[in-house]
Amino acid sequence: MRYSSHHLRCAVLALRHGGVVAYPTEAVYGLGCDPWNPLAVARVLAMKQRDPAKGLIVIAAEIAQLLPFIGALPAERRAEIVASWPGPNTWLVPVLPTTPRWLTGQFATLAVRVTAHPLAAALCRSYGGAIVSTSANRAARRPARTALQLRRALTTQPDVCLVGACGEQRSPSLIRDAQTGRMVRAG
């Protein structure tokens, strides 16, 4: 996948200044922001008209970028999670006490994933950390798979849109509970 380094730098700058960025993922376009910035997260939730109690997903280019959020897990569970990445496998993990409530919503866990999408991974790598990642659509509507669908799906547009192809996956990522291995949502 080819993308402009200029556009990537613009997206990183937007993230660092509380902006919202749209980008392709394994399945759909995502909306992302700095997970530590409550105002940026509030903007994403408002754009989606999403209930904050539902929580959000945080993606990264590598597991080290997720460690500031993840609480204790048994070694065999951690090994299973790491073996499933990178890819469209989202895990609900226990969180550290410093993990913001605006990410977890009403839950004691956080949804995390190491993305296999080259542009989403490049964004996290260039940003130097994990980012919020939620589908680019209003609540209860179909997620966008193209930049044009993205523009039509949202009444408020993101600050930067990284244009690229979504992955081949046609359904949202598989979600599993990291403590039990139980499937929460089929992919």
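The values are calculated or read from the model by the stated rules, or taken from the named source; none is laboratory data. In this text the structure is predicted, and so the values were computed from the model without any measurement. Using ideal geometry, Cβ is built from the backbone for each residue, glycine included, and neighbour counts are taken over all protein chains shown. Ligands, DNA and RNA are stripped out before the accessible areas are found, and what is left, the full protein with its side chains, is counted by its heavy atoms. Shrake-Rupley method; radii C 1.70, N 1.55, O 1.52, S 1.80 Å.
Before moving on, here are some points about what is shown:
- Counting only residues that are free of Cβ contacts under 8 Å to residues at least 40 places away in the same chain and small (Gly, Ala, Ser), the range 129-152 holds 1 of them.
- Single residue of the range 48-64 satisfying the filter (over 16 Å from HIS117 (Cβ atoms), outside any loop (DSSP other than H, G, I, E, B) and of a type in the set (Gly, Ala, Ser)) that is least open to solvent (accessible area, probe 1.4 Å): ALA53
- Residue ranges of strands (runs of 3 or more DSSP E) in the range 82-177 with at least 3 members open to solvent by 20 Å² or more (accessible area, probe 1.4 Å): 174-177
- When the range 11-36 is filtered for residues that are assigned to a loop (DSSP other than H, G, I, E, B) and more than 16 Å from GLN65 (Cα to Cα), the ones remaining, listed by number, are HIS17, GLY18, GLY19, VAL20, THR25, GLU26, ALA27, VAL28.
Okay, residues lined up against (1) among the hydrophobic types (A, V, I, L, M, F, W, C); (2) within 21 Å of THR156 (Cβ to Cβ); (3) in contact with a Ser or Thr (Cβ under 9 Å, 6 or more places away or on another chain):
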position	(1), (2), (3)
HIS6	no, no, no
VAL28	yes, yes, yes
LEU31	yes, yes, yes
ASP34	no, yes, no
ALA42	yes, yes, no
ARG50	no, yes, yes
ILE57	yes, yes, yes
LEU67	yes, no, no
LEU73	yes, no, no
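- Note on the range 86-110: residues that are over 21 Å from PRO38 (Cβ atoms), out of contact with any Leu (no Cβ under 8 Å at 6 or more places or on another chain) and modelled with pLDDT of 95 or more total 2.
- Filtering the range 178-187 to residues that are open to solvent by 30 Å² or more (accessible area, probe 1.4 Å) and either assigned to a loop (DSSP other than H, G, I, E, B) or acidic (Asp, Glu) (or both) leaves GLN179, THR180, ARG182, ALA186, GLY187.
- Selection of first residues in the range 12-35 that are surrounded by 24 or more Cβ atoms within 10 Å (Cβ to Cβ) and of second residues that are among the hydroxyl-bearing types (Ser, Thr, Tyr), restricted to Cβ pairs under 6 Å at least 6 apart or on distinct chains, gives the following pairs, ordered by first then second residue: LEU15/TYR127; ALA22/TYR29; VAL28/SER135; GLY30/TYR23; GLY30/SER133; LEU31/THR134; GLY32/SER133.
- Residue that is under 15 Å from ALA122 (Cβ atoms) and aliphatic (A, V, I, L, M), where the choices are LEU56, LEU15, LEU73: LEU15
Residue-wise test of (1) small (Gly, Ala, Ser); (2) more than 15 Å from the chain's Cα centre (by Cα).
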position: PRO97; (1), (2): no, yes
position: VAL112; (1), (2): no, no
position: CYS124; (1), (2): no, no
position: ALA139; (1), (2): yes, yes
position: PRO143; (1), (2): no, no
position: LEU150; (1), (2): no, yes
position: THR155; (1), (2): no, yes
